[in-house]
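Below is one structure; the comments refer to it alone.
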Amino acid sequence: MNLHAVCAIYRFEMARAGRTLMQSIISPVISTSLYFVVFGAAIGSRIPETHGISYGAFLVPGLIMLSLLTQSIANASFGIYFPKFTGTIYELLSAPVSYLELVVSYVGAAATKSVILGLIILATAGLFVPLQVAHPLWMLLFLVLTSVTFSLFGFIIGIWADGFEKLQIIPLLIITPLTFLGGSFYSIDILPPFWQTAALFNPVVYLISGFRWSFYGIADVSVGISLVMTIGFLALFTAIVAWIFKTGYRIKA
């Protein structure tokens, strides 16, 4: 592997995050903090505990996952779309850099930014609600796996999109609604039986459930199933990226 090329692209993408600090870090942290203020403090004080946990603390894993999914997709999709938009993608494709090295560079940088953001939000949440992390290693595992998985998904969107507006369609119309309906603000156990079953078809439920288990030891579905589903999504998106580079879909045309 051409580590020099990987490091060069990785450093460039990370430097871009520094230049857009307000958009990539500060804005998501402020938005999430508002959720803690409104739902955790104002409304949460009037809501009974969930599984013995205060509502404000219960929100933390779901809100971190909400930011993690959206920012992973946004970082990776813009990172690969911009070279397409400016035409510099062809310089990368003609350089002695393999497809694997391109994916590792762009996806690695996007996932790194998302992990950093998730940890900052976690630290910020401690200012608003009492926190505990029962399984810190599992928490980091789910954090990294989710960041890498949805950075791959964002990479796919960036290849597929042929305009800036298309970069926002899937995150806004699909990912955000699925996250809100995936147990970010509630446990699916409180839903009627039919809707509990329907919620299990929402893939985000497994991500949030496994991540929340790492904090409090409670989950809507088995942590083993959550881990298998997360790895399954990772394998699926990896296979799609491999197919894209094999066929040259929207790259070589």
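Contact annotation: residue pairs with Cβ atoms under 9 Å, 6 or more positions apart or on different chains, pairing a residue in region 228-253 that is farther than 16 Å from Gly158 by Cβ and at pLDDT below 90 with a partner that is surrounded by 13 or more Cβ atoms within 10 Å (Cβ to Cβ) and of a type outside the set (Lys, Arg), are Lys246/Tyr99.
The set of residues in region 160-169 that are in a helix (DSSP H, G or I), farther than 20 Å from Lys113 by Cα and in contact (Cβ under 8 Å) with a residue 60 or more places away in the chain contains only Trp160. Scan region 90-146 for residues that are farther than 26 Å from Ala239 by Cβ and among the aliphatic types (A, V, I, L, M) and the total you get is 15.
Output the residue which, of all residues in region 210-222 that are touching a residue at least 24 places away in the same chain (Cβ under 8 Å) and more than 17 Å from Leu234 (Cβ to Cβ), is surrounded by the most Cβ atoms within 10 Å (Cβ to Cβ). Filtering region 210-222 for residues that are touching a residue at least 24 places away in the same chain (Cβ under 8 Å) and more than 17 Å from Leu234 (Cβ to Cβ), the one surrounded by the most Cβ atoms within 10 Å (Cβ to Cβ) comes out as Arg212. Has region 35-54 got at least one residue that is crowded, with 21+ Cβ neighbours inside 10 Å, under 28 Å from Val133 (Cβ atoms), in contact with a Ser or Thr (Cβ under 6 Å, 6 or more places away or on another chain) and in contact (Cβ under 8 Å) with a residue 24 or more places away in the chain? No, the conditions are met nowhere in region 35-54.
Taken as a whole, the structure places Val228 among residues that are more than 13 Å from the chain's Cα centre (by Cα), among the aliphatic types (A, V, I, L, M), over 20 Å from Ile251 (Cα atoms) and exposed (fewer than 14 other Cβ atoms within 10 Å of the Cβ).
If I ask for residues that are touching a residue at least 60 places away in the same chain (Cβ under 8 Å) and more than 10 Å from Asn75 (Cβ to Cβ), which ones from region 13-23 would you list?
Initial filter on region 13-23 (touching a residue at least 60 places away in the same chain (Cβ under 8 Å)): 13-14, 16-17.
Within region 13-23, Met14 is the sole residue that qualifies.
Figure legend. Inter-residue proximity from region 94-112: first residues without any contact (Cβ under 8 Å) to a residue 60 or more places away in the chain, second residues β-branched (Val, Ile, Thr) and surrounded by fewer than 19 Cβ atoms within 10 Å (Cβ to Cβ), beta-carbon distance below 8 Å, spacing 6+ or different chains. Indicated pairs: Ala111/Val144.
Could you say which residue among Ile175, Ile208 is touching a Pro at 6+ places or on another chain (Cβ under 8 Å) and part of a helix (DSSP H, G or I)? Outline the logic, then answer.
On the way: Ile175 fails: touching a Pro at 6+ places or on another chain (Cβ under 8 Å).
Within the list Ile175, Ile208, the selection yields Ile208.
Quick grid of which residues meet (1) under 23 Å from Ser31 (Cα atoms); (2) within 21 Å of the chain's Cα centre (by Cα); (3) assigned to a helix (DSSP H, G or I):
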| residue | (1), (2), (3) |
| --- | --- |
| Leu68 | yes, yes, yes |
| Phe78 | yes, yes, yes |
| Val107 | no, yes, yes |
| Lys113 | yes, yes, yes |
| Leu127 | yes, no, no |
| Leu140 | yes, yes, yes |
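Right, Glu13: assigned to a helix (DSSP H, G or I), among the charged types (D, E, K, R) and either more than 19 Å from the chain's Cα centre (by Cα) or exposed (fewer than 13 other Cβ atoms within 10 Å of the Cβ) (or both) or not? Judged against the criteria, Glu13 is not a match.
Please verify whether region 147-155 includes one or more residues that are surrounded by fewer than 22 Cβ atoms within 10 Å (Cβ to Cβ) and either in a helix (DSSP H, G or I) or modelled with pLDDT under 95 (or both). Break it down into steps so the answer makes sense when it comes.
Kept after step one, since they are surrounded by fewer than 22 Cβ atoms within 10 Å (Cβ to Cβ), are these residues of region 147-155: none.
Among the residues of region 147-155, not one is surrounded by fewer than 22 Cβ atoms within 10 Å (Cβ to Cβ) and either in a helix (DSSP H, G or I) or modelled with pLDDT under 95 (or both), which makes the answer no.
Restricting Val60, Val6, Val38 to residues that are under 26 Å from Ala219 (Cα atoms), modelled with pLDDT of 90 or more and among the aliphatic types (A, V, I, L, M) narrows the list to Val60.
The values are calculated or read from the model by the stated rules, or taken from the named source; none is laboratory data. No experiment lies behind these values; they were computed from the predicted model shown. Cβ sites come from the backbone with ideal geometry, for glycine too, and all protein chains shown count toward neighbours.
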